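Asker: To start, I am sharing the structure in question, which I have written as C-alpha cells.
The values are calculated or read from the model by the stated rules, or taken from the named source; none is laboratory data. Treat the numbers as computed from the prediction; the structure is a model and nothing was measured. For neighbour counting, all protein chains shown are included, and Cβ atoms are generated from backbone atoms with ideal geometry for every residue, glycine included. For accessibility, only protein heavy atoms count, side chains too; no ligands or nucleic acids. Shrake-Rupley method; radii C 1.70, N 1.55, O 1.52, S 1.80 Å.
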Amino acid sequence: MADHHDGHSEHPRANLQENENMTTLKGTQSPISTVVIFFLAACFSLLVLNRWLFTDLGVLSYGRIWQLYISYTDFGFFRRGFVGTILSETKVNMLFSNEYYFAFFIHSIAILVFSILIAYYCIKEGLNDLLFVFGIAFSPALIIHSGYTTGALDVFVFILAVINILYMPNSRLFAVFLIIGVLIHELFLVTVPAQFWAYYVCQKSETEDFRNRKSYFSCAVLLITVFVVFYFGKIEISEPAFTEVMQEQLPNASEKHPLWSGFFELSSSVEENFDLTRGLLIAFMNGKIFFLAPLLLYVFFLILRAMQFVASTAEAVLVVGAIFAPILISLVAADLHRWFAMSASMALLITLRLVSREGSTMSLWNWPIALFCFLGPFGGAELERPFPLHQFWMERVLEL
C-alpha cells in the first residue's frame, strides 16, 4: 500500500522538482500516444457494436431497443424510462425510419463520449505510460465491452459513473447525476460505492466535517430517488394496451425478440426476477461456473494492482467493496459476464483515481492486465460464451 500524505513543500523549486518526478513516474510517452490508443480502442468498440454487418441476425443482433423509444408521456412514470423519454420528447429517435439504425447510431455516440471522457482524464492527469494506458483503453470489460452490451442501457449508466468517479463535479451536480443514473436504470446503484469513494474519500481538499455534510445530502437524495423508482416506477396497465402503444413506436422491432416491448422488465418485481434467474446459483448447479474463470482472474489482477496504490487498510476495504458491488446483481439477474465485467470496470476507474493521486502507474500487474486486452470483449447473457468475438470467428473458420 502506498504512503499518502497531504503535505506540500513550501519551496517553489521543491514543488517543481516534485511535479517533474510525478510526471516521470506516471509516464514519459507523449499525450499523442494516449489519443491514438483511445482512438483505436473506440474504433474497435464500434466494430464490435456493428457486428450486424457480419452476423446472420443482421440488425437484430442489437437486441432490445424499447428503452430508446418508450416515454413517460405514454405510460406515466416508470423505471428505466429516462433515456427513452428524453429521446422521444426531443424527437431525436425519429432521425432514422428504422429503429435499429437509430439504436446503433445513438450507441455509437455514447461509446465515443465514454471513450473521450476516460482519454481526457488520462491526458489531464499525465497518465501517459503506454502499457498502463493500453490496459485501460483496450480492457475487455470497459470501452470494448460497451460495444458488445447492446439491448441495454449500460453505456449511458457508465457515462454518468465516469463523470462522478473521475471528474468529481460539485456536490449538487454529483447528486443530480445520482438521480439521473437511478432513473436511467437501477443497475446504476452498483456503481454508487465507487462514486462515493471517489468523491468523499479520495478527495482531500475539504475538511472531513464538510465532506460528511455533503455525503449526508447525497445519500438522502439517492435514497429518496431509489424509493420513488422502486415504489412508483412499475407499469400498471395491461399487457395488450402496453403492446399496442409499443407496436406503434417500434414497427420494425415488433415480435422480433421475446422481450421486445419491455413489458416484462417494467412490470415485474425484484422478487419475480430473483425467482426466474438466481444467476450464480444456477451457474454452480449446472457446472458452468468455470466459464467465469477468465473474468474472475482478470478482476483478481485488477484488485492486486489497485491495492498497490491505496493509502490505508480502511481505504483498501472500501475499494474492494466498491469493486465487488456489481457482482451482487448476479443474485437477481443471469448475465454473469456482464456483471463481472462491470466489477472490472469499477476496478479500472478506481485505479485511474488512485494512480493520479499517488503519482505513479508503475505496477508488476500492468503486463498480465494488458494481455487480457487481447481477449475482449467479455461475454454477456450466454454463460458458455466468455469470449464471444473469438468464438464467433472460430466457429466461422470451422464451418469452412
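Asker: Extending each Cα 7 Å along its Cβ direction at Ala293 and Trp367, get the distance between those two points in nm, one decimal.
Answerer: About 2.3 nm, to one decimal.
Asker: For n ≥ 4 DSSP H runs only, could you compute -39500 (n - 2.57) per run for the chain, divide by its residues and tell me the 222 nm figure to the nearest 500?
Answerer: Using -39500 (n - 2.57) per qualifying helix, the result is -18000 deg cm²/dmol.
Asker: Does the range 98-198 come out rounded, prolate or oblate, given a ≥ b ≥ c as the square roots of the eigenvalues of its C-alpha gyration tensor, rounded meaning a/c under 1.5 and, failing that, prolate meaning a/b above b/c? Intermediate results must be reported in sequence, preceding the final value.
Answerer: Numbers: a/c = 1.89, a/b = 1.07, b/c = 1.76.
The shape class here is oblate.
Asker: Can you flag which of Lys91/Lys256; Lys91/Lys234; Lys91/Lys214 are past 26 Å Cα-Cα? Write down the numbers at each step before the final one.
Answerer: Numbers: Lys91/Lys256 23 Å; Lys91/Lys234 24 Å; Lys91/Lys214 37 Å.
Listed pairs above 26 Å: Lys91/Lys214.
Asker: Would you mind telling me the share, in percent, of accessible area of the chain contributed by carbon and sulfur at probe 1.4 angstrom? Present the calculation step by step, with values, prior to reporting the outcome.
Answerer: Numbers: 12340 of 18360 Å².
Percent of accessible area from carbon and sulfur atoms in the chain: 67.
Asker: Still on this structure, I have one more. Debye sum, Cα scatterers, the range 346-398, no solvent: what log₁₀ I/I(0) at q = 0.21, 0.22, 0.23 1/Å?
Answerer: Debye output, listed in q order: -0.85, -0.88, -0.92.
Asker: Shifting gears a bit: Relative to the longest principal axis of the chain, what angle (0 to 90°, nearest 10) does the C-alpha long axis of helix 336-358 take?
Answerer: Computed tilt is about 20 degrees.
Asker: Just to confirm the number: angle between the C-alpha axis of helix 171-184 and the first principal axis of the chain, 0 to 90 degrees, nearest 10?
Answerer: 30 degrees
Asker: Give me Rg/Rg_expected for the range 90-146, where Rg uses Cα atoms only and Rg_expected = 2.2 N^0.38 Å with N residues.
Answerer: Values: Rg = 15.0 Å, N = 57, 2.2 N^0.38 = 10.2 Å.
Rg over 2.2 N^0.38 Å, computed on Cα atoms: 1.47.
Asker: What is the helix-to-structure angle for 313-324, meaning the angle in degrees between its Cα long axis and the longest Cα principal axis of the chain, kept from 0 to 90 and rounded to the nearest 10?
Answerer: Roughly 20 degrees between the two axes.
Asker: Here's something else I'd like to know. Can you pull a Stokes-Einstein diffusion coefficient for the range 323-379 at 10 °C (1.306 mPa s), Rh from Kirkwood over Cα pairs, as a whole number of µm²/s?
Answerer: Answer from the Stokes-Einstein relation: 125 µm²/s.
Asker: May I pose another question? How many nm is it between the label spots at Glu244 and Asn98, if each spot is 7 Å from the Cα in line with the beta carbon?
Answerer: Those two pseudo-labels are separated by 3.0 nm.
Asker: Beyond 42 Å, what percent of the Cα pairs of the chain remain?
Answerer: On the way: 10344 of 79800 pairs.
Of all Cα-Cα distances in the chain, 13 percent exceed 42 Å.
Asker: Based on the inverse mean of 1/r over its pairs of different Cα atoms, what is the Kirkwood hydrodynamic radius of the range 49-148, in Å?
Answerer: Working: mean 1/r = 0.0641 Å⁻¹.
Roughly 15.6 Å, rounded to one decimal.
Asker: Using the heavy atoms of the protein chains alone and a 1.4 angstrom probe, what is the accessible area of the range 32-168 per residue in square angstrom?
Answerer: That works out to 35 Å² per residue.
Asker: Please give me the summed charge of the neighbours of Ser97: other residues whose Cβ is under 15 Å from its Cβ, Lys and Arg +1, Asp and Glu -1. Present the calculation step by step, with values, prior to reporting the outcome.
Answerer: Numbers: positive: Lys91; negative: Glu99, Glu248.
Overall, the nearby charge balance is -1.
Asker: Starting from the Cα-Cα distance between Lys256 and Arg396, subtract it from 0.36 nm times their residue separation and give me the gain in nm to one decimal.
Answerer: 48.0 nm
Asker: Calculate the translational D of the range 119-269 in whole µm² s⁻¹ from Stokes-Einstein, where the hydrodynamic radius comes from the Kirkwood formula applied to all Cα pairs, the temperature is 20 °C and the viscosity 1.002 mPa s. Mind showing how you got there, number by number?
Answerer: Details: Rh = 18.1 Å.
Estimated via Stokes-Einstein, D reaches 118 µm²/s.
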